[in-house]
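The values are calculated or read from the model by the stated rules, or taken from the named source; none is laboratory data. Computed from a predicted model, the values in this text were never measured in an experiment. Virtual Cβ from ideal backbone geometry, glycine too; neighbours counted across all protein chains shown.
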Amino acid sequence: MQKKYNIVDRRLVEVKEDPCLVTVYIAPDESEKRYLIDKLKLDEHTLNSALDPDELSRLEFEPEHLALIFKRPKSYSHNDQFLFRVASTGAFLFKDKLIIVLSEDVTLYDPSQIVRIQTPAYLLLRMMYRSIFHFLEHLKIIASISDDLQDKINTAMENKSLLNLFTLEKSLIYYLNSLNSNGVVIDKLRLNAAKIGFGTEELEFLEDTLIENNQCYKQAEIYSNILASLMDARASIVNNNLNVLIKTLNIITIAIMVPTFVVSAFSMNVGLPLQNHPFAFWIVMGMALVSVLGFTYLWRRKRW
């Protein structure tokens, strides 16, 4: 699947036919891959890496173009079960055009923010900045989910919420690795700005992007450290809640067994005291009641 764009009045406008400045390939099929490899001279390994979610960000200089792979958050759905994943984006910058390769159809730019697009190179930087902003949005969601899960763990007696918290911590590890590799690529772009042909505006925006990425990485690192430091405490809370429940059930069981023993003793088919007494039933019930009161008094005195 292809989408084609041109830059009109510093805005990105979708077009149907060539020539175009920006072409987006979404989950390209074999024929599209062969076109990219044979006609545009894209490296086959780099092209496949752009569709691999486990590939690290990297920057490579080819004879006719710049090959860039950077990480972005994958769109979250309820079926992911609190696991926030990352995906790769491939960008191939030529002198007169930009080729973007994606594994899924996603919004790479925000029209309300992109108001000064002049070149495909500037659009590439905007895309990277958008991915950082997307990471920040997901971090806020992770923080909110984490607070809700911690409240549930305080009263939980099962491991479901605790396992969900483990999953969130795993997501933050993915994000930290992605932000770190993105930071390396952004820094490499900054060092090679003259070779790539970035102007003053692109270089200034690249500096801002690097700062935002570092701040996002620090925020994700703080969240990860907080979750990691609280995991042992949260696990202890779950165990303690379970112990309290078992203790309560044991007390209830003993409280029922004491009067049951009294009634059972006077239910045997042998000669028993008071069996011919006219108030035998009420005497036995009274003894059962006294045993319950005695157990309750002992329970409170011992503070069980």
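Here are the numbers:
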{"quantity": "Single residue of segment 1-24 satisfying the filter (of a type in the set (A, V, I, L, M, F, W, C) and part of a loop (DSSP other than H, G, I, E, B)) that is surrounded by the fewest Cβ atoms within 10 Å (Cβ to Cβ)", "calculated": "Met1"}
{"quantity": "Matching residues, segment 66-103, being under 17 Å from Glu44 (Cβ atoms) and either at pLDDT below 90 or not assigned by TED's automatic domain parsing to the domain that holds Gly199 (or both)", "calculated": "Ser103"}
{"quantity": "Qualifying positions in segment 49-88 - under 19 Å from the mean Cα position of the chain (by Cα) and of a type in the set (Ser, Thr, Tyr)", "calculated": "Ser75, Tyr76, Ser77, Ser88"}
{"quantity": "The listed residue being surrounded by fewer than 16 Cβ atoms within 10 Å (Cβ to Cβ), within 29 Å of Ser146 (Cβ to Cβ) and in contact (Cβ under 8 Å) with a residue 12 or more places away in the chain, out of Ile173, Ile186", "calculated": "Ile173"}
{"quantity": "Filter result for Tyr35 (modelled with pLDDT of 85 or more, surrounded by 13 or more Cβ atoms within 10 Å (Cβ to Cβ) and either more than 32 Å from the chain's Cα centre (by Cα) or under 27 Å from Lys195 (Cβ atoms) (or both))", "calculated": "yes"}
{"quantity": "Residue list for segment 4-41, restricted to those being touching a strand residue (DSSP E or B) at 6+ places or on another chain (Cβ under 6 Å) and farther than 15 Å from Ile100 by Cα", "calculated": "Val13, Val15"}
{"quantity": "Identity of the residue in segment 127-149, crowded, with 17+ Cβ neighbours inside 10 Å and of a type in the set (S, T, N, Q), that ends up farthest from Thr89 (Cα to Cα)", "calculated": "Ser146"}
{"quantity": "Any hit, segment 150-171, residues being more than 21 Å from the chain's Cα centre (by Cα), within 29 Å of Leu66 (Cα to Cα) and in the same structural domain as Pro53 (by TED's automatic domain parsing)", "calculated": "no"}
{"quantity": "Leu59 vs. criteria within 24 Å of Phe133 (Cβ to Cβ) and touching a Pro at 6+ places or on another chain (Cβ under 6 Å)", "calculated": "no"}
{"quantity": "Any hit, segment 161-178, residues being touching a Lys or Arg at 6+ places or on another chain (Cβ under 7 Å), more than 24 Å from Phe198 (Cβ to Cβ) and modelled with pLDDT of 90 or more", "calculated": "yes"}
